[in-house]
1. Would you mind getting the Kirkwood hydrodynamic radius of segment 427-600 from its Cα pairs, rounded to one decimal in Å?
2. Convert each backbone phi in segment 629-638 into a coupling constant with the Karplus relation 6.51 cos²θ - 1.76 cosθ + 1.60 (shift: θ = phi - 60°), then list the ³J(HN,Hα) values in order as whole Hz, x for Gly and Pro.
3. Enumerate the amide H contacts of residue 637 below 5 Å, restricted to partners 5 or more residues apart or on another chain; note that Pro and chain-start residues carry no placed amide H.
4. Between 0 and 90 degrees, rounded to the nearest ten: what's the tilt of helix 46-69 against the longest Cα principal axis of the chain?
5. With a 10 Å radius around each residue's Cβ, average the other Cβ atoms per peptide and rank 304-313, 272-281, highest first.
6. May I ask for the distance between the Cα centers of segment 553-597 and segment 164-191, given as a whole number of Å?
7. DSSP loop chymotrypsin sites (Phe, Trp or Tyr not before Pro) in segment 330-397 with at most 13 other Cβ atoms within 10 Å of their Cβ, which ones?
8. Set the bar at 24 Å for Cα to Cα. Now go through 200/269; 101/127; 78/371; 127/269 and name every pair that lies beyond it.
Amino acid sequence: MTGRYICLKMFAVSIVFLLGAGHQILPQSQDEARRRCGFDHYYGSDEANRQRSASESAIRAAIAKRRSESTASADGVKRIPIVIHVIHNNGLENISREQIKSQLRVLNEDFRRILGTNGHGDGFDTKIEFCLARFDPEGRPSDGIVRVKSPLTQHRMLERERLSELSYWDSERYLNMYVVRYINRGVAGYSSFPGGPARKDGIVIRYGYFGQRGSLFADYLLGRTATHEAGHWLGLYHTFHNGCGDDPCSSGDFVCDTPPSAAPHPGCKPEINTCSNDWPIDLSDQPQNYMDYSSDRCMNMFTLGQRERMHAVLTSQRRTVWSEENLRACGCDGGSYPDDLPPVADYLAVQRRICAGNSVQFLSRERNRPKEWQWHFPGGEPEHSSDRNPVVRYDRPGRYSVSLVVKNDRGDDQRQTLDYIEVTDPPRGKPGPYAQGFETEDNVRQDLRIDNPDSNTTWRIDSVAARQGMYSFVMENWESDVGQRDDFELPLLNISQLGANVYLEFDWAYASADTLQTDELSVMISRDCGFSYDTLLLAFDDELATAAARAAYFVPESHDWRSRRLALDDYRDAEHIRILFRNVTYGGNNLYIDNIHIGGRATDIAVETRRSMAPRVFPNPFQVTTTIEYSLAREQVVTMVFYNIAGKVLHREERGLQAAGIHQLQLDAEAVSFIPPNGLMVLHLELGGQNFIKKLVVRR
Ligand SMILES: [Zn+2]
């Protein structure tokens, strides 16, 4: 029965691997609340929270100052220039200018409470409005839209700065708004709070929520994600911030006239009252406030208190953005500007330093709709290109310049950058295969490079659990701060001699703290000396968990371990690869890694550190024959059981007491009769009381 249970569970995990993490375009009702906005999650780390607390003091001081000077009633309209950065991968997320303009219109309807629109609701005119910039930071005419093609359109909040690397205009002068295809956790958008680092300033919104896309009855297609996020950008919290709080003014969302609210109100709530500490009288909650999580069609108001707070931010932390001088420089002074403009030549290289023999991906930052591109790459291959986003190889060490000419019907523009790309000679990697079983401290210290930016809890050897041997590598997410990353990197390796079927294999065990608190593991590889990395694996939620969630310090049992094999076929000629394991903490639970192994079929026999290896099956999937390999640290009893997908025993093989060392067993699909017609089997291997599970796939 135990075998059956493990077997079925194994399949549950495998199916998730096959399908990958499915993305939903729109939130579903059961977790709408969690997905409406990523602001609370983004500011979940202690460091970010400290920064936000410092800003909060500055905002309170500005409010006090305004009240003492009684300038509030004299507030004129403040206008904010916006630049829209569309980060796309040539998909639907490369939204039209019309959609962008509809978003600007909705923002102004809502913030100015325009008569005859949804924005003309129960609240007040905030006297704040928004304008698509008509000049860039260098004073060149612009339509206020920058388009960059990049896989980073699948955005993760943790990588916020990488969006700014793709495109960013001075945040003292512009509100930077990014449109992306997807944001992790499925959130619709999120914003920075005033007073944070410039390179993280601005708003990120998923394309499906950007602009007015649907009818009046659509829940989230009316462009109010941007209204909500602009509220955060101007210093507003959620109406349910800190729940009911102690006092409606000095706690909760720090705004006196928004009734305290115990929780968000997704959808369209009728009258509801979750807190009774309102002052001077108990009021109903305000789901129609833009800073709640209601459907777009059911939110329609900012209060006077929220207006005061936003103007306080605009007269303190964000005072430069709406200054008359800046509005003139950005073309937001009310003048009329043509839509048809000559293009601006602008670009970036994804990698500016590479090893000789590698390639650079150039990305054009499309501005004012260029139609033609003429690149020149002296010393590169190709030397000329008319692609929008060319890839160029550099074979010899040196520094190389780049130039680009862009054209459209209105004119052309040119830009050149001297010594833009630096190409270095690669160092030699240690010849593979490679194995790391985390059995000795010295070996780990010698081989692995740990990167621990917060100098706090990080990867370490521990004997509380091991897949094999005595020790494994553990990252105690249970103890770590939210938002922290912790990396370890294998030594520089030369895998070019490993032949075909080069792979990376490792064992891991993980349980989340609860279903909403899961951490992330990624495995990345660099073939250019660590200048850039490809992601081989990004696992979280069900794909990462090997055991049930628990609200206690996780220590795996032997049956909680899983193995993962990642093909390195794309890198098999590489003479210098780096492999990086990255853990990102989101307040989850402990992650254990053991038995990292890099090898290939041709050279498997020669691996020296056999002892720490998990059993392996190669090739897998296989056509006719495959090899099952396991190693024994000492003499042990070995049993193999094959199950079908339903957990039925197909074949049992008692191998008895076997000597220490490496053992291999050939499985020939034509010689045995137990292989099921669908070609899927699970092998349960018991080595002296330790259990291992492998999925076998026969493709005939
Ligand atoms: Zn929010």
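Derivation of every value follows stated rules applied to the coordinates shown; laboratory data play no part. The shown structure was predicted, so the numbers you read here are calculated from the model rather than taken from an experiment. Glycine gets a Cβ as well: all are built from the backbone with ideal geometry, and neighbour counts include every protein chain shown.
1. The answer is 16.2 Å.
2. 10, 9, 10, 10, 6, 8, 4, 8, 7, 10
3. Those qualifying (amide H under 5 Å, at least 5 residues apart or on another chain) are 658, 688.
4. Result, in degrees: 10.
5. The peptides rank, most packed first, as 304-313, 272-281.
6. The two parts, judged by their Cα centres, are 31 Å apart.
7. none
8. Pairs exceeding the cut-off: 200/269; 78/371; 127/269.
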